[in-house]
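**Q** Here it is, the structure, as structure tokens.
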Amino acid sequence: MRLDVVTIFPEYLEPLNVSLVGKARARGQLDVRVHDLRQWTHDRHNTVDDTPYGGGPGMVMKPDPWGEALDAVIASGTAADPDARPVLVVPTPSGVPFTQRLAVELSERPWLVFAPARYEGIDRRVIEEYGERLDVYEVSIGDYVLAGGEAAVLVITEAVARLLPGVLGNAESHQDDSFAPGAMADLLEGPVYTKPPQWRGRGIPEVLVSGHHGRIARWRRDEAFRRTSRNRPDLIERCDPAALDKHDRALLGELGWRELPDGRFGRPGELVEE
Ligand SMILES: C[S@@+](CC[C@H](N)C(=O)[O-])C[C@H]1O[C@@H](n2cnc3c(N)ncnc32)[C@H](O)[C@@H]1O
């Protein structure tokens with residue numbers, strides 16, 4: 001997969017040389033190219049921002065450098081393959097929430113171009129212009145406001161890169177993760193343990209050393225439901241009824257959830273302790 005990042009702080013992307021993403025780059029599984037937006041400015045001060053139309057506080061990123069930058073990045077890819085079309089990913093708190101589903105979707109695309117902004121964001125016309133020829137995803141990594149989109153690029157890149165074939169040592173390990181498509185789609189992973197079997201007087205759940213795979217899988221699923229019920233009740237509410245077995249339904253009942261006529265589960269009237 002190829003990733004391009006256009007930014008006014010190229011050094012902010014240094015962590016892409018470290019750990020899982022760094023190794024994927026070293027192995028040639030990820031081709032990451034970081035570009036300084038200011039190289040596409042033409043004035044003495046390398047200006048990338050200006051005052052907002054309509055007034056108000058803050059500055060807005062000018063369309064001209066972004067247009068030149070994105071044209072150049074896209075041209076560098078189409079020179080090698082005239083049919084190549086990147087997906088443009090624009091981090092913004094006003095975008096669609098970044099989820100594991102979206103990470104999977106992006107991991108299936110061969111080329112992503114990130115446009116992290118600073119100030120109050122990028123002149124809207126840039127998004128409109130590239131939206132006519134590329135798939136553009138405006139993506140938020142959470143309901144809070146960062147000073148710039150570079151941290152969002154790091155988050156999205158790491159979530160996407162670990163899904164690429166061969167990047168994780170054990171290809172199955174992300175299938176049990178919280179939010180993983182399939183059985184875990186709307187569930188949080190439960191607690192995990194490793195050796196020693198006793199630590200500061202605390203043992204581990206016996207089932208985990210029973211050697212009984214069926215019981216271990218059931219225990220893990222139960223724990224996933226307990227944790228999700230406590231920390232993310234909104235996920236229980238949207239759980240696909242077809243994905244729930246008899247045992248799941250009974251457990252949700254024990255946790256205080258009410259089965260609705262459509263098979264979904266409704267918010268409990270009062271908080272239920274684990
Ligand atoms: C100070 S923010 C701009 C916030 C904008 N005025 C608003 O209220 O929506 C500057 C940049 O940081 C990035 N950013 C901030 N919060 C983000 C979030 N939750 N998710 C993704 N990117 C974010 C975006 O690139 C954004 O354009």
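**Q** What residues qualify as long-range amide H neighbours of GLU138, i.e. H under 5 Å apart, gap of 5 or more or another chain, H built at 1.01 Å from N?
**A** Here the answer is VAL90, VAL96, since their amide H atoms fall under 5 Å of that of GLU138.
**Q** Obtain the nm distance between the two label points defined at THR99 and HIS212 by a simple spin-label model: each point lies 7 Å from its Cα along the Cα-to-C-beta direction.
**A** Here the modelled spin labels are 3.6 nm apart.
**Q** Build a GNM of the chain with springs between Cα atoms under 10 Å: which of ALA72, ALA151, ALA180 gets the top mean-square fluctuation?
**A** Between ALA72, ALA151, ALA180, it is ALA72 that shows the largest mean-square fluctuation.
**Q** Applying 1/(1 + (r/R0)^6) with R0 = 22 Å to the Cβ-Cβ distance of GLU237 and VAL155, what FRET efficiency is obtained, to the nearest 0.05?
**A** 0.30
**Q** Separate question: Normalise the Cα radius of gyration of segment 118-194 by 2.2 N^0.38 Å (N = residues in it) and let me know the number.
**A** 1.47
**Q** In deg cm²/dmol, rounded to 500, what helix-only [θ] at 222 nm does the chain give when every DSSP H run of at least 4 residues adds -39500 (n - 2.57) and the total is split over its residues?
**A** That calculation yields -9500 deg cm²/dmol at 222 nm.
**Q** By count of other Cβ within 10 Å, fewest leading, how are THR99, THR92 ordered?
**A** Ascending Cβ contact count within 10 Å gives the list THR99, THR92.
**Q** If you don't mind, there's one more thing I want to ask. Quick check on the exposure proxy: order TYR144, TYR137 from fewest to most C-beta atoms within 10 angstrom.
**A** So the ranking, lowest neighbour count to highest, is TYR144, TYR137.
**Q** Find the relative contact order for the chain and round it to a whole percent, using C-alpha pairs within less than 8 Å whose residues are 6+ positions apart.
**A** Averaging sequence separation for qualifying contacts and normalising by length gives 15 percent for the chain.
**Q** Compute the relative contact order of segment 2-162 as a whole-number percentage, counting only Cα pairs closer than 8 Å that sit 6 or more residues apart in sequence.
**A** It rounds to 29 percent for segment 2-162.
**Q** Looking at the chain, what % of its DSSP beta bridges pair antiparallel, to the nearest 5?
**A** Bridges in the chain that DSSP calls antiparallel: roughly 20 percent.
**Q** Could you work out, for the chain, what percent of all Cα-Cα pairs fall into each 10 Å distance bin, beginning at 0 Å and stopping at the bin that holds the largest distance?
**A** Using 10 Å bins, I get a P(r) of 6, 23, 26, 21, 15, 8, 1, 0 for the chain.
**Q** Tell me, how many Å apart are the Cα centres for segment 129-190 and for segment 204-221?
**A** Comparing the Cα centres of segment 129-190 and segment 204-221, I get a distance of 29 Å.
Any read-out appearing in this document is the output of simple, stated calculations on the displayed coordinates, not a laboratory observation. Since the model is a prediction, treat every value here as computed from it, not as a measurement. Neighbour counts are summed over all protein chains in view; Cβ atoms, including those assigned to glycine, are modelled from backbone coordinates with ideal geometry.
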